[in-house]
1. Just want the answer: with Cβ charges of +1 for Lys and Arg and -1 for Asp and Glu, which residue in Leu259, Pro269, Leu235 is farthest toward the dipole's positive end in region 217-298?
2. Going by the alpha-carbon gyration tensor, a ≥ b ≥ c the square roots of its eigenvalues, is region 176-220 rounded (a/c under 1.5) or, if a/c is not under 1.5, prolate (a/b greater than b/c) versus oblate?
3. Determine, for the chain, the count of lysine pairs separated by eight or more sequence positions (or lying on different chains) whose alpha-carbon distance falls under 26 Å.
4. Positive end of the charge dipole of the chain (Lys, Arg +1 and Asp, Glu -1 on Cβ, about the Cα centre): tell me which of Leu122, Thr148, Met244 has its Cα farthest that way.
5. What is the magnitude of the charge dipole of the chain about its Cα centre, with +1 placed on the Cβ of each Lys and Arg, -1 on the Cβ of each Asp and Glu, and no other charges, expressed in debye to the nearest 20?
6. Return the single residue from Glu267, Glu99, Glu255 with maximal mean-square fluctuation; model: Gaussian network over the chain, springs between Cα atoms under 10 Å.
7. Anyone know which of Ile210, Ile44, Ile268 comes out most mobile in the 10 Å Cα GNM of the chain?
8. Tell me whether region 1-79 comes out rounded, prolate or oblate; compute the Cα gyration tensor, take square roots of the eigenvalues as a ≥ b ≥ c, and use a/c under 1.5 as the rounded threshold.
Amino acid sequence: MKKYPLIQRSVFALIGAFIAAAAVNLFFLPPRLTMGGISGVAAIAYTLTSRQLPLPYGLWVILLNLPIFLAGRFFVSRRFVLDSLIGTVLYSVVIDLTEQPMSVFYERYLAPQAGAVPDLFLSAFVGGALYGFGLGLMLRGGFTTGGTDIIAVLLRRRYQLSLGQWIGIMDVLIITASGFFYRDAPDSSIQLMLYSFLAMLVTSKAVDLILEGFDYKRTVFIISSQNERIADRVLKELDRGATMLKGKGMYTRSEQNVLLCVLAQKEIPALQAITREEDSDAFMFVMDTREVLGEGFEGSSFLK
């Protein structure tokens with residue numbers, strides 16, 4: 001990910017925290033939707049104990065994260081834990097500071113009329129998008145907002161799953177648990193759980209959009225006897241570089257050149273046409289490429 005100066009990182013984090021706060025205070029907590037991570041655990045705890053133990057939501061986030069940060073202090077890099085702590089505190093404080101004015105806004109403009117039911121689809125979709133944009137901006141600044149990242153790092157060391165897989169498993173477990181804890185809610189707990197999954201999906205896509213932009217790049221591999229001619233045309237007609245790799249066909253046991261190109265999505269049809277014209281028997285496959293740095297590319301196209 002592209003590096004930013006401290007001031008710019010801080011601006012991203014602050015704006016992201018306010019956007020995430022709007023999502024939490026306006027679209028997640030009022031209808032009892034649950035986000036993933038420790039924020040989701042805090043949402044469940046806040047909702048269930050709001051009468052007996054009226055702690056602010058943000059304070060719940062900090063309290064639940066503290067033991068995880070303490071464990072991470074000894075087993076994970078200090079910088080990672082520090083950035084997570086800063087992001088969590090900022091996220092929590094902004095949510096609590098904006099809770100009152102946003103509650104007034106919610107009651108005036110978003111709360112369902114007497115006898116009406118809340119629009120869970122609207123809350124899940126808009127709330128998930130706002131939450132993803134907010135988290136994405138905070139991640140752009142180099143800060144995270146919860147301790148599940150640290151738990152995932154620790155679990156990955158012991159069990160052979162990726163960091164993303166562990167985070168996904170924990171998010172699914174937390175949202176599934178909300179269906180049990182909200183079983184006495186006025187709305188169906190199953191509906192709340194399912195709409196929470198929808199919100200999580202929208203959040204994930206929104207985070208990807210902020211971090212990677214609209215214009216994903218494509219990596220193309222071409223196996224052809226005419227790779228030299230294809231590469232020449234790529235250089236001249238598309239103004240893109242190409243790299244020739246050495247390969248070996250395991251069926252024929254013959255040496256093969258493999259042409260590697262990284263292109264914008266809109267350039268793929270032109271490359272396909274060039275390849276067909278030069279060698280109709282060429283083998284070509286295309287892969288999504290999330291981040292490209294170097295000559296001809298400037299990294300993510302969003303928020304550069």
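1. After comparing all options, I get Leu259.
2. On the way: a/c = 4.87, a/b = 3.94, b/c = 1.24.
Judged from the Cα gyration tensor, region 176-220 comes out prolate (a/c at least 1.5, a/b above b/c).
3. 17
4. Of the listed residues, the answer is Thr148.
5. Working: 28 positive and 26 negative charges, 176 e Å.
Here the size comes out at about 840 debye.
6. Glu255
7. Of Ile210, Ile44, Ile268, the Gaussian network model singles out Ile268 as fluctuating most.
8. Because a/c hits 1.5 or more and a/b fails to exceed b/c, region 1-79 counts as oblate.
Just so you know, all these numbers are worked out from the coordinates, no wet-lab data involved. What you see is a predicted model, and the numbers here were worked out from it, not measured in a lab. Quick reminder, even Gly has a Cβ in these numbers, built from the backbone with ideal geometry, and neighbours come from all protein chains shown.
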